[in-house]
1. Can you figure out the FRET efficiency of Asp178 with Arg232, using R₀ = 45 Å and their beta-carbon distance, to the nearest 0.05?
2. Within 10 Å, count the other beta carbons around each residue, average over each peptide in 73-80, 113-120, 265-272, and list them highest first.
3. Any number yet on Rg/Rh for region 154-248, C-alpha, Kirkwood?
4. What translational diffusion coefficient, to the nearest whole µm²/s, does region 116-186 have by Stokes-Einstein, given a Kirkwood radius computed over alpha-carbon pairs, a temperature of 37 °C and 0.692 mPa s viscosity?
5. Glu277 to Leu121: extension gain in nm, 0.36 nm per residue of separation minus the Cα-Cα distance?
6. By how many nm would the segment from Ala192 to Ala295 lengthen if fully extended, with 0.36 nm per residue of separation less the alpha-carbon distance?
7. Using protein chains only and a probe of 1.4 angstrom, how many square angstrom of Ser289 are accessible, to the nearest 10?
8. For a quick protection proxy, order the peptides 169-179, 60-70, 39-49 by their average other-Cβ count within 10 Å, most packed first.
Amino acid sequence: MRAPHSSPEDVCASTGCPPAVVAERLADLAELRLVVNSAGRWSAADPRVAAHELLDPVEERLRAEHRAAGTALRRVAELRQAFTDLDPLHREGRRIASRTGGVEVLIGRDAAATAMMASALEAAEEVAVMHPPALPGGRVLDQEAAQRDLAVAGRGLRLRGLYAHTALPDLELRSHVDRLARLGGETRTVTAPFAHMVVFDEKIAYLVQQAGDEDGSDGTCTIVTRDPTVVRYLRDLFETAWRDGTPVQAEERGYGGALDKVHRMVAELLAEGLKDETAARQMGVSVRSFRRHVAALNSGLGAGSRFQAGVAAARSGLLP
């Protein structure tokens with residue numbers, strides 16, 4: 001400003017800064033429109049012009065985005081109100097269904113997922129979930145159930161989940177369990193979950209059954225009940241399984257404290273003389289995983305065959 005039309009050398013001489021630093025600072029000022037270069041000489045620019053050139057376009061774009069956001073928010077509010085206006089009709093329909101028997105049947109995964117998410121949003125205290133063993137080759141963690149779990153735990157409600165012991169090594173499930181633990185969720189494992197069941201606040205229960213195509217394009221049929229006696233009975237069944245379950249520790253990997261129970265289950269299936277395919281299906285693992293469990297059991301018992309493993313398991317107390 002004091003010496004317009006200065007060369008970089010002039011700036012170095014007046015400031016005492018090395019050429020590299022001067023070049024860098026001049027470039028920064030030029031980007032801010034605060035200096036101009038004419039034939040290799042630098043002069044200060046009017047900061048009002050710099051603000052007009054640099055900031056006016058940004059401000060106008062932000063104003064336009066703000067107007068668009070206001071319009072979108074008003075549309076969202078209108079839609080939310082429209083959905084809210086439909087709620088009394090939906091509740092009346094549920095009340096009539098409850099009065100005619102207290103049981104509702106939902107066909108297909110989408111219908112069940114939508115209904116369960118609605119119950120999750122209405123829940124005020126606790127959600128208890130019993131997850132079924134994974135089908136051979138299937139995913140252990142159901143993504144819709146995982147999102148519902150996070151929505152419940154994120155609201156500060158108590159969330160308890162039961163899985164099969166054999167689900168523990170699944171890394172996707174372990175990651176989900178760790179996230180839930182940070183939100184206060186609790187997870188335990190049992191030998192064989194006997195149902196796919198979700199209970200909300202002791203007020204409503206869902207029983208999910210995979211069946212044939214006649215029960216929907218994806219083979220899912222879900223029974224919903226609000227009958228207090230039935231819901232209480234299902235909740236009591238969950239509590240019994242929960243007390244017998246093995247707690248899953250956050251950040252723990254592998255089978256953790258459930259390894260002995262997994263080995264006991266393998267020994268019992270071997271004692272029943274089941275084929276590997278049938279035994280694997282009952283455990284909710286692949287045939288290859290089941291055979292790895294058998295090999296680990298044989299090694300742990302010092303057995304050279306399945307027959308010897310059965311004898312050793314009985315002697316060690318693995319079998320009743």
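1. Numbers: r = 32 Å, r/R0 = 0.71.
Given R0 = 45 Å and the Cβ-Cβ separation, E is 0.90.
2. On the way: 73-80: 10.0, 113-120: 17.8, 265-272: 19.4.
Going by the mean number of other Cβ atoms within 10 Å, highest first, we get 265-272, 113-120, 73-80.
3. Values: Rg = 14.6 Å, Rh = 14.7 Å.
Value, to two decimals: 0.99.
4. Numbers: Rh = 12.4 Å.
It diffuses with D of about 264 µm²/s by this estimate.
5. Details: separation 156, 0.36 × 156 = 56.16 nm, distance 4.01 nm.
The Glu277-Leu121 span can extend by a further 52.2 nm.
6. Values: separation 103, 0.36 × 103 = 37.08 nm, distance 2.10 nm.
So the extension gain works out to 35.0 nm.
7. About 30 Å², ignoring ligands and nucleic acids.
8. Numbers: 169-179: 17.1, 60-70: 10.0, 39-49: 12.5.
Answer by packing, highest mean first, reads 169-179, 39-49, 60-70.
The values are calculated or read from the model by the stated rules, or taken from the named source; none is laboratory data. Everything numeric here is computed off the predicted structure, so don't read it as measured data. Here Cβ is always computed from backbone atoms with ideal geometry, including for glycine, and neighbour counts include all displayed protein chains. The protein model used for the area step is the full one, side chains on, heavy atoms only, and it has no ligands, DNA or RNA in it. Shrake-Rupley method; radii C 1.70, N 1.55, O 1.52, S 1.80 Å.
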